[in-house]
Structure formats: C-alpha cells, structure tokens
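The values are calculated or read from the model by the stated rules, or taken from the named source; none is laboratory data. Not measured: the values here are computed from a predicted model. Glycine gets a Cβ as well: all are built from the backbone with ideal geometry, and neighbour counts include every protein chain shown. Just the protein is used for accessible areas: all its heavy atoms, side chains included, with ligands, DNA and RNA removed. Shrake-Rupley method; radii C 1.70, N 1.55, O 1.52, S 1.80 Å.
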Amino acid sequence: MEFSEFIAETLIVFSLLSNLLPVGVVILFLHDCCDATADMVRIYVETKFRTTVVSVFLFILSAGNWFYMRLYVFPFYAIKALNDNVPGPESDCHSIWF
C-alpha cells in the first residue's frame, strides 16, 4: 500500500466515524482533480511528441488548477462547510464532538 492510498483511506474512515462523510468525499474529489491534471502532464511529457510550448502550457494549466482547487476552493468552500456543520454547545450531540 502506498502512502497516498493510506492517507485517502484514513480520510474516509475518520470522516465516516465523525459523521462527516460528505466533507471527506469533497476533499478527496478536490485533491483528485489536481492529481488528474498532474498525471496528464506527466503522460504528455513522457511521449516522443512533446514540444516545449505545449509542455509549458500544460504545466501552467496544472499549476493553475492546483492553486485554484487547493488554495481557493478547499479553504473557502470545503473547510467552511465543515465549520458550518460542527454542532454548537446547545446541540444534543455536542458532547460527542468535544
């Protein structure tokens, strides 16, 4: 088992145990979008048809996708949704969380 598989499985298990499976799935989806573009760049760079212009364009596309998904969407949407769903002290399940 690779380290990234272990981290993904740990994320799924702990989000399931804490009753936040939708947030865990969103986090996995956002990270997989970044990995898909990085893999496409790697595949293209390893072919014999590569050119410098296309390689640079794909790198900029991959880096832009990474910055957008992990530095904008992840904190402002995924973490905000997690923070909004944490039960407050007046909730019945507050003692489960804290």
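General remarks:
- Complete set of residues in the stretch 12-32 that are open to solvent by 50 Å² or more (accessible area, probe 1.4 Å) and under 14 Å from the mean Cα position of the chain (by Cα): Ile12, Leu21, Pro22, Val25, Val26, Phe29, His31, Asp32
- Contact map, the stretch 1-23: first residue without any contact (Cβ under 8 Å) to a residue 12 or more places away in the chain and within 15 Å of Ala81 (Cβ to Cβ), second residue open to solvent by less than 50 Å² (accessible area, probe 1.4 Å) and charged (D, E, K, R), Cβ cut-off under 8 Å, separation 6 or more or different chains; the map is empty.
- Within the stretch 44-98, helices (runs of 4 or more DSSP H) holding 1 or more residues that are at negative phi, at pLDDT 75 or above and within 19 Å of the chain's Cα centre (by Cα): 52-68, 80-85
- Selection within the stretch 22-61 - among the basic types (Lys, Arg) and out of contact with any helix residue (DSSP H, G or I) (no Cβ under 8 Å at 6 or more places or on another chain): Arg42, Lys48
- When we screen Asp84, Asp35 for residues that are surrounded by 12 or more Cβ atoms within 10 Å (Cβ to Cβ) and among the acidic types (Asp, Glu), the only hit is Asp35.
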